[in-house]
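Written out below as structure tokens is the structure these notes cover.
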Amino acid sequence: MEATEDGPGRLKRRSLLAGGAAAAVGGAVLGRDELARLWWRLPGVERPRTAGAVDFRGALWVPASPANYRRADRPDDYAVDRVVIHVTQGGYASAVKVFRDPAHGAAAHYVVRRDGRVTQMIRELDVAFHAGDREYNERSVGIEHVGFVADPSSFTDAMYAGSARLTARVCARYGIPVDRRHVVGHAEVPGTDHTDPGPHWDWDRYLRLVRRAGPAAGPA
Ligand SMILES: [Zn+2]
């Protein structure tokens, strides 16, 4: 599962963008769309959000405790270039419960069940505390898979397929290459003592499915 909190909030907004926006506005009459694109780039201004909105169509929205992630504005404040694969080491209900528990200090963006259904608990805009490493949290989307590292039967065909569609969409959205450098296990995060997804997770199969799902695997 996920580990530890990732420290106090830190904003790394691109002040250059704000300067650029101001310069662009000077004297020019901007269209409504251009203004909409520019205003949220200004420091201290967040993009408007729709309550209950998800980043993966069809995902069930079950919000994590705000204590288990940090509000952000990715990919504008932090570039997203990794997907981190996790295994819950427990059932779906307990994973959702701990991610909703402010005392847990950790949560992932998504939870994928054995039947392939996807639950989103944190927006991709935000930095989820799932990797146990601040830099990795800031740069990644975390996907939990319900099951146990030591139990190969945890990882069903439907789970691989559902997760692959999700990862394909994430990779397409941020231009992340579908390879083992960019789609990694929690165990590969620097400094972690976690072992998930473990030896029974079939990486070759998974990446093949992600590539097959491709960017056309469904609407964002
Ligand atoms: Zn993990």
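The values are calculated or read from the model by the stated rules, or taken from the named source; none is laboratory data. Computed from a prediction, not measured in an experiment: that's the story for all the values here. For neighbour counting, all protein chains shown are included, and Cβ atoms are generated from backbone atoms with ideal geometry for every residue, glycine included.
Looking only at the stretch 192-209, decide whether some residue is among the polar types (S, T, N, Q), more than 19 Å from GLU135 (Cβ to Cβ), within 16 Å of the ligand (Cβ to nearest atom) and in a helix (DSSP H, G or I). Checked the stretch 192-209: no residue is among the polar types (S, T, N, Q), more than 19 Å from GLU135 (Cβ to Cβ), within 16 Å of the ligand (Cβ to nearest atom) and in a helix (DSSP H, G or I). Residue count for the stretch 88-130, restricted to those that are touching a Lys or Arg at 6+ places or on another chain (Cβ under 7 Å) and assigned to a helix (DSSP H, G or I): 1. If you go through the stretch 120-161 and keep only what is farther than 18 Å from GLU188 by Cβ, within 16 Å of the ligand (Cβ to nearest atom) and of a type in the set (Lys, Arg), you end up with nothing.
List the pairs whose first member sits in the stretch 185-209 and is acidic (Asp, Glu), whose second member is modelled with pLDDT under 95 and surrounded by fewer than 20 Cβ atoms within 10 Å (Cβ to Cβ), and whose Cβ atoms are under 8 Å apart, counting only residues at least 6 apart or on separate chains? Listed by first residue and then by second, the contacts come to ASP193/ALA3.
Here's the yes/no breakdown for (1) under 15 Å from the mean Cα position of the chain (by Cα); (2) crowded, with 22+ Cβ neighbours inside 10 Å:
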{"site": "GLU135", "(1), (2)": "yes, no"}
{"site": "GLU138", "(1), (2)": "yes, no"}
{"site": "VAL141", "(1), (2)": "yes, yes"}
{"site": "HIS145", "(1), (2)": "yes, yes"}
{"site": "SER154", "(1), (2)": "no, no"}
{"site": "MET159", "(1), (2)": "no, no"}
{"site": "SER163", "(1), (2)": "yes, yes"}
{"site": "TYR174", "(1), (2)": "yes, no"}
{"site": "ARG181", "(1), (2)": "no, no"}
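Among the residues of the stretch 97-119, those that are more than 15 Å from the ligand (Cβ to nearest atom) and surrounded by 19 or more Cβ atoms within 10 Å (Cβ to Cβ) comprise ARG113, VAL118, THR119.
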